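Derivation of every value follows stated rules applied to the coordinates shown; laboratory data play no part. Just so you know, these numbers come straight off a predicted model, no measurement behind them. In this analysis, Cβ positions are derived from the backbone assuming ideal geometry, glycine residues included, and neighbour counts consider all displayed protein chains.
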Amino acid sequence: MTFQLAILTSLVLSASCLPTTVFAEASTVSKKLMPVSITFMEALAPKDTTSSERFQIEYEFSIQTGKDLTKQTLINCGYELIDSKVLYDASDNLQALEQAKKAEKNNAWMIVGPRRSNHYLLATQGASNTPSVSIMASSKEVYELNSLHLTMAQSNENMANALADETKSRLKKNKSITYFSIISKDCVSCIDFAKSFDLKASKINLNKISEFSFTGEQPNLDEIKNTIQKAKPQFILIPNYSVVSAHIMNIIQSWGISTLYIGSDGWGDSKYGFVHNSPQLSKVNGLTIKGFPPANKGLEYFDLGKQILKNPTLAANFPISGTAQSILKTMEALTQMLCDFKPKTKDEFTSRFKASGKKYFINPWSVSVFNLVNGEIVFDKTLKVSRK
Amino acid sequence: MTKTAKTLNHFIIKSWLITGLIAVLTSLSLFLSVGYFGYLKSADKANETLKINATTIARRISAELLIKKNDVAESIALKFAKDYNLKSVEIVPAEANIQKSNSKTDVTIPVPYLENQYSVTIKANEVNFFEHFNLKILLTSLFSISLLTLLGSWIQMKYIYRNIINPIKELVATSTGEKAAKITWPKEVQDISNQLTQSFKDREQVIYSQIARGVIHDIKTLLQSMQVASDLAIEKETEARYKNLANVNRTNLPKLLEIINTALDGSREIQIYNNSTDINQTLQNSIESIKFLSEQSLVKIEIESSLNTQNVVPHDSIQMERVFTNLIKNAIESTSTSNSTSKHIIISINLLNNMIQISIEDSGTGLRDYNQNQIRMLKSTKLHGSGLGLTISRKITESHYGLLSFEKSQLLGGAKITVSLPSLLTNHNENLNSVVTL
């Protein structure tokens, strides 16, 4: 892991030598820089160590890339970014609150993360007076937080609506379209997404048969086997995280049921989400929705992204995930805020953030549709939706 | 009630059974102790695990309650109960934390960051007490102990029989010279065999010398009596003296013949014939035959009898006369050699509890040791002067179902020897006609 990080870091350093057009050129005059402490928080799943290790590499690489690409601009504005990374156990949600509390106590100017909505909601409780931005939290409750706590993600409502429309268009040949929902109760965003989907579905003649809720990562689906086998739904909604969703699809496939699986951005990305040594998954057809396109497309939407695209080597090695793009965009927005307002203290930054943060921390990517084919999640298209 | 003697097998088996029993009890104690302490350890470990799990569960529930997902919190509580194999996980009001006292299977802890509002009560399943007692091991252990006990006792019986019992059985034969001790016998048994053989030889020698002395002594006594009567007749040829001589000869010659006949045929047996005569007469005959010696030794003999009439007592008058003669002779010799100024012998006859008691007290040197067992020894201990041998006197007395006892004379300071004989013929002594083996 250390070796991989070293390789990627060297690529980033080479990219930072590129001239910038958006960001100011290097100043030859040495200035006294104001340190800006930013805490990056994220949950790792200890049971899935392979996936966690890969994510950690990607996460740290993205942050380092963002730091390197914004360094000079910040220096010119009189700031120096001091980052601290906190990676905690995903099975102990309360750590999100505790780590956020700790970050606030350590005078962090801003907290970035966590991705998951329920973790982010806890983090905002722990650091209620510190500006925070989640890179991917999308539940309704996140959008209902005050202006000190923002998210870079598309709302569940937008994504669910887009998914419902897309599903309808895919199955329009069927006279009656029915579906079954299997929802993880542990996931706030999943529940929220499902509710939004059901609401939209009811308006466009997608008929819900029933719903099954569970907790944990390995649900027992025996009690719904007969229902699903009898009902033969056209699609099954599984708006859960990747590992759980893959487990569910595996089981249902083994029953000999042929159906379309649809899910939310919790399915994750191709390499990290679905390849779990399961032969059944290669036969699954699915459809998912994300607030991000693949990186090669998504990087075009913002300046730091464009900068990366100018370096073919860096562009080729940059992670394709929405997480990476979101981190970069967040750091770009932070840099812009600092340079525009030049706050001299954390309190000043906080009040500026409260007033204007929404204008800077905006999702530029709309909603993208991805297909699940042969165990891989493959980009299909980007849809236009109004920001919510 | 007399106890029947137990066989060696009994002792061997018993020793092995005792050992086996100890082993069984030890196994049982170990089994119970290990099981019990294993249970206690498991219970403690379960309690520790419960506390750790309680913290994990409370934190997880807190994470849901803090974001107002109470229904999710309930579901998570149920899931944890199932995953951790708990009896129940309940979210309860905070007041419950104060009321409940934690036990080994129950724990109530406050929900972190919501201590004022909620607590979590977790109940674990009891640790199965009996699961910690592995009966298979116990049964295997008991079976092994039983097998070892049986095998051990069998081997030991075989081994002891071959190497100890059989040699001991042959000790009787080796002691009499019929067989020789084998080199393969245990060293101790060989030593005992040698000692027994030597002891048997010594005993034979003592017996033969005792008998010889006894015979010579008896003959000498009788001859002395006859000698005295002859001397008297030669000294003064009176009719009375010749009559005395004739009487003494008539009395003593058959006795001499009897003694010589017994000695000539080499028998070590004395025939006892019950003539049931007056015991006083037997005693008188004895005193008469020894009278010359008392006069010669200037020893006064007194007779005290509490019996007024004739006392017909079942006894062999000839053999008992020998006994009395020798006891009185020993008393005279002891008294005559003592430094005491008063040379006295008192012979008393009493009837006590159907036993005729004839006591001979003297003012002599007394016995060195009045231990009755000493009298029984065949070794030539110098007892109360030389003589017939107290052993032979004892055997003759005992063949009459009587008793020969020794004590110090409180009256005269010397020895007091008492001959006790049954005064009546009963079921006990009806077989008085017997043989005394020396």
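The table for this structure:
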read-out: Packing-based exposure ordering (other Cβ within 10 Å, fewest first) of A:T178, A:T124, B:T325; value: A:T178, A:T124, B:T325
read-out: Per-residue Cβ neighbour rank within 10 angstrom, fewest leading, B:V206, A:V378, B:V323; value: A:V378, B:V206, B:V323
read-out: The protein assembly as shown: radius of gyration and largest Cα-Cα distance (Dmax), Å; value: 62.0, 185
read-out: Between helix B:70-83 and chain B: long-axis angle, C-alpha atoms, 0 to 90°, nearest 10; value: 30 degrees
read-out: Under 18 Å from B:K169, Cα to Cα: lysines that are on another chain or at least 8 residues apart; value: B:K6, B:K158, B:K179, B:K182, B:K187
read-out: Acute angle (nearest 10 degrees) that the helix B:279-296 long axis makes with the longest principal axis of chain B, alpha-carbon atoms; value: 70 degrees
read-out: Evaluated at q = 0.09, 0.11 Å⁻¹: base-10 log I(q)/I(0), Debye formula over Cα of chain B; value: -0.78, -0.97
read-out: Two-decimal ratio, region B:8-132, of alpha-carbon radius of gyration to 2.2 N^0.38 Å; value: 1.73
read-out: Burial ordering of B:R162, A:R115, fewest other beta-carbon atoms within 10 Å first; value: B:R162, A:R115
read-out: Förster radius 51 Å - calculated FRET efficiency between B:S199 and B:L411 (Cβ-Cβ, nearest 0.05); value: 0.85
read-out: Length-normalised contact order for chain B - Cα pairs under 8 Å, 6+ apart - percent; value: 11 percent
read-out: Taking the convex hull of Cα positions in region B:91-161, its mean projected area over all directions (nm²); value: 7.8 nm²
read-out: Two-site label geometry, A:T313 and B:E302: point separation in nm, points 7 Å out along Cα→Cβ; value: 14.9 nm
read-out: Spatially proximal lysines relative to B:K41 (Cα-Cα < 17 Å; intrachain offsets below 8 disregarded); value: B:K51, B:K104
read-out: Degrees separating the helix A:346-360 axis from the principal Cα axis of chain A, which is the longest one; value: 50 degrees
read-out: Of A:K203/A:K359; A:K172/A:K381; A:K283/B:K69; B:K255/B:K329; A:K232/A:K297, pairs whose Cα-Cα distance is over 26 Å; value: A:K203/A:K359; A:K283/B:K69; A:K232/A:K297
read-out: Candidates B:L327, B:L232, B:L390: whichever shows maximal mean-square fluctuation once chain B is modelled as a Gaussian network with Cα springs under 10 Å; value: B:L232
read-out: Inverse mean reciprocal Cα-Cα distance (Kirkwood Rh) of region B:187-265, Å; value: 15.3 Å
